[in-house]
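Please read the structure below before turning to the comments.
The values are calculated or read from the model by the stated rules, or taken from the named source; none is laboratory data. Just so it is clear, the structure is predicted and the values come from calculations on it, not from any experiment. Cβ sites come from the backbone with ideal geometry, for glycine too, and all protein chains shown count toward neighbours. Heavy atoms of the whole protein, side chains included, go into the accessibility calculation; ligands, DNA and RNA do not. Shrake-Rupley method; radii C 1.70, N 1.55, O 1.52, S 1.80 Å.
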Amino acid sequence: MEKSSEVSGFYKRPVEERLSFVKEWAGLADEEVATLRNTGGLPLGTADRMIENVVGGLTLPMGLGVNFRINGRDLLVPMVIEEPSVVAAASNAAKMARARGGFTASFSGPVMIAQVQLVEAPDPEAARKAILARRDEILSICNRQDPMLVQAGGGARDIEVRVLETSMGKMVVTHLLVDTRDAMGANAVNTMAEAIAPYIEEWTKGRVYLRILSNLAVHRLARATAVFDREAIGGEGVVEGILNASAFAEADPFRAATHNKGIMNGVSSVVLATGNDTRAIEAGAHAYAARSGRYSSLSRYERDAGGNLVGTLELPMAVGIVGGATKTHPVARIALKILDIKSAAELAQVIACVGLAQNLAALRALATEGIQRGHMGLHARNVAASAGATGELVDRIADQMVKEKKVRADRAKELLGEYSRKK
Ligand code: NAD
């Protein structure tokens, strides 16, 4: 009989029942079910309350970014990522930044935007004015929605209203600007947007559809800068190479996408380690990279009077330390404790610095020996392990493949056969 994926009320069933279901569905072995059930630092019961239809968890490695000195303070940075070389590269760049005092970071403040979309207003321009005229009333309605946020020093601060030309006609878009303090703030601002919608309809005689935050958090920018000593990064030739790499990314979206991906290797790994929303940050970063109308690089490099390289990274950073998974995931709590930060603003600055470190490391490798040599050691170990090597054979096979410059699954299998026979 053909299997049906239509399962009603799956989310209401206990995890064990879901596991039995999927075991039968996919013909899983007992050990495979046990592996799924083992959710590491996140208890299965907690996982079951975080999302729907839970049958297990997937643990990724957490590595510590070392050597970071940010705004005059040393810290260890937890990074969660599946890709080899990222933690090593960030740590290496952080070490190079230390020669001239490490990173300097700043934050524009935790102001999030919520959008309210109004259509079919009989007079869009008059609607815009009517909404603007009620600014104070709007702010007080919004602030009544979240007394805890107001008590924490946050709340709705201002509004912006635009008339937008679209393929469906003119729309009046209201932005609520909300200081979300130590929260990422999605729930907080979405609630406010929903609360204000009926009033906007009444004042304008239009119709509200969407009421949701914008991930293009332009009022929530984190900025990191570091001076990379010319000699510490490898001399004048390296400085020149990085300036050329940076100019290439500024001018070309094909290069900028990869340039920014490297930045996000560092950024997203800290965002994930602290239980924050990687998609929110990624969406914001790439939208910000295209703010001029053409997609470009998020970082900038220049040479100072002494011939050193000065790197700057600026991007939206809507992260929190209260709410969401930052609160519920025990490993995220520990990551925040390791970081020893007291506010979302501090976390945002750390993340920007890691992004800059990652970017510098990638550009330096690309502008000199190429990325592959650095990548190869760890990659070769992964290839060896995938080919079935265990114990000390993993390193032996990996070393041999790197030496031969043949890091490939077929070569790993050959070597495994050879070395196993000799054993
Ligand atoms: P939350 O609602 O769990 O917690 C925030 C609340 O905590 C505040 O509203 C406030 O009432 C309270 N609070 C207590 N002390 C505070 C302090 N010092 N500073 C600020 N608030 C304080 O979490 P959230 O941050 O509103 O929502 C985050 C979640 O929303 C994330 O998991 C995200 O994935 C999700 N989300 C994202 C999107 C998006 O990005 N487009 C959309 C919807 C939901």
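Determine whether A290 is outside the structural domain of L44 (by TED's automatic domain parsing), open to solvent by 10 Å² or more (accessible area, probe 1.4 Å) and more than 16 Å from the ligand (Cβ to nearest atom).
yes
Given the conditions (1) over 30 Å from R98 (Cβ atoms); (2) open to solvent by 50 Å² or more (accessible area, probe 1.4 Å); (3) touching a helix residue (DSSP H, G or I) at 6+ places or on another chain (Cβ under 8 Å), which single one is not true for F10?
(2)
Those residues that are near the ligand (Cβ under 9 Å from one of its atoms) and surrounded by fewer than 23 Cβ atoms within 10 Å (Cβ to Cβ), I need them from segment 306-326; list them, please.
V322, G323, G324, A325
Could you list, in sequence order, the residues of segment 110-133 that are away from the ligand (no atom under 16 Å from the Cβ) and crowded, with 16+ Cβ neighbours inside 10 Å?
Scanning segment 110-133 gives L118, V119, E120, A121, P124, A127, R128, A130, I131.
Quick test for you: out of L360, L416, pick the one residue that is in the same structural domain as A93 (by TED's automatic domain parsing), open to solvent by less than 50 Å² (accessible area, probe 1.4 Å) and in contact with a helix residue (DSSP H, G or I) (Cβ under 7 Å, 6 or more places away or on another chain).
Every option except L360 fails the conditions.
Given the criterion assigned by TED's automatic domain parsing to the domain that holds H329 and at positive phi, identify the matching residue among G72, G40.
Of G72, G40, the one residue that is assigned by TED's automatic domain parsing to the domain that holds H329 and at positive phi is G72.
Name, by its number, the condition in (1) open to solvent by 20 Å² or more (accessible area, probe 1.4 Å); (2) in contact (Cβ under 8 Å) with a residue 12 or more places away in the chain; (3) away from the ligand (no atom under 12 Å from the Cβ) that does not hold for A226.
Of the numbered conditions (1) open to solvent by 20 Å² or more (accessible area, probe 1.4 Å); (2) in contact (Cβ under 8 Å) with a residue 12 or more places away in the chain; (3) away from the ligand (no atom under 12 Å from the Cβ), the odd one out for A226 is (1).
Residue under question is V354, and the condition is that it be within 11 Å of the ligand (Cβ to nearest atom) and open to solvent by less than 10 Å² (accessible area, probe 1.4 Å); does it hold?
no
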